[in-house]
1. If I go through segment 124-146 residue by residue, how many of them are aromatic (Phe, Trp, Tyr) and within 14 Å of Asn198 (Cβ to Cβ)?
2. In segment 37-57, which residue that is of a type in the set (Gly, Ala, Ser) and in a strand (DSSP E or B) is surrounded by the fewest Cβ atoms within 10 Å (Cβ to Cβ)?
3. Could you go through segment 164-175 and let me know if any residue there is more than 25 Å from Pro25 (Cα to Cα), over 14 Å from the mean Cα position of the chain (by Cα) and in a helix (DSSP H, G or I).
4. Against the condition surrounded by 17 or more Cβ atoms within 10 Å (Cβ to Cβ), within 30 Å of Asp220 (Cα to Cα) and of a type in the set (A, V, I, L, M, F, W, C), how does Leu77 come out, does it pass?
Amino acid sequence: MAGALVAQAPSNMPKADPLWPGAAPGAQGTQEEDQPTLAPYIVPQGQGTGTAVIVCPGGGYAHLSMDKEGDQVARWLNSIGVTAFVLKYRLGPKYHHPVELGDAQRAIRTVRYKAAELRVLPDRIGIMGFSAGGHLASTAGTHFDAGNASAADPIDRVSSRPDFLVLCYPVVTFGQFAHRGSVQMLLGDNPDPKLVENLSNELQVTPRTPPTFLFHTTSDSTVPVETASSSTWRCAKPESRPRCTSTSAVRMAWASLRRTRCFPRGWRAWRTGCACAACSTRRRNRAHSSRRARYRLDDVSVGPVDRDFDFI
């Protein structure tokens with residue numbers, strides 16, 4: 001079933017390249033669902049910003065929304081000068097963790113290794129995910145390595161750490177508010193509690209976690225907004241705790257506060273009084289800086305993003 005649903009990708013998508021030259025590690029066959037791929041959307045020479053984004057479509061780890069959360073997103077990224085790559089990763093129930101993470105890490109390593117050829121900068125490679133694809137992206141942002149210097153494959157010698165994350169109505173936690181379908185497809189019927197905790201990514205935030213933009217809507221009837229809400233991140237260590245922000249429709253959080261060249265110039269956050277412990281304490285101790293300009297995502301339109309989400 002997974003393979004049939006994956007195959008519903010738009011006919012005008014660029015030709016996808018396999019992530020490995022032969023059979024992928026752990027492959028259980030030679031069908032389409034056994035072959036993870038990366039479809040490149042390359043910005044024409046002279047029009048790019050140097051930033052690249054790997055896009056992970058959602059689908060509950062059971063299928064992939066390759067059109068709305070893959071092809072359409074990649075073409076929008078191209079319109080603002082960002083080179084994009086749509087990742088087709090392997091799915092449950094045939095495949096379980098760590099196969100999906102391995103596919104995402106391989107995609108990051110591949111783009112970084114081929115950065116010069118693809119006309120992108122190796123320190124401006126991010127990963128973007130939707131729904132369960134957001135869980136995969138957040139897993140890649142909290143479970144990474146510097147590469148294996150002694151690996152025979154030169155791609156495996158490259159770091160798998162993304163330079164930034166964009167998490168769109170993501171499944172982040174596998175705890176109380178988890179999307180149970182995603183948990184089951186990724187981990188099986190009776191997963192080890194320690195593995196469940198390890199993949200509850202709000203618990204894995206550290207000072208090394210890449211800068212993150214996260215949004216979710218309260219009207220989401222599939223993935224509870226609590227799975228990615230600002231208050232979810234309060235479990236992070238104080239030194240890596242994000243600044244939280246909320247509106248009636250959108251919750252956003254930062255997994256790291258440092259700014260990088262990958263992020264929009266003068267990126268700011270709209271703030272209406274988050275109730276999480278971190279922000280409550282901060283309000284008691286000091287006022288938020290008045291220098292922050294306001295930025296808001298519309299609940300039903302991504303129009304403001306076209307104007308303001310400027311990768312530099």
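1. 1
2. Checking each candidate, the answer is Ala39.
3. Within segment 164-175, not a single residue is more than 25 Å from Pro25 (Cα to Cα), over 14 Å from the mean Cα position of the chain (by Cα) and in a helix (DSSP H, G or I).
4. On the way: surrounded by 17 or more Cβ atoms within 10 Å (Cβ to Cβ): yes; within 30 Å of Asp220 (Cα to Cα): yes; of a type in the set (A, V, I, L, M, F, W, C): yes.
In short, yes.
Laboratory data are not the source of any read-out in this text; all were calculated from the coordinates shown. The structure presented is a predicted model; accordingly, all values stated were derived computationally and were not measured. Note that each Cβ is placed from the backbone with ideal geometry, even for glycine, and that neighbours are counted across all protein chains shown.
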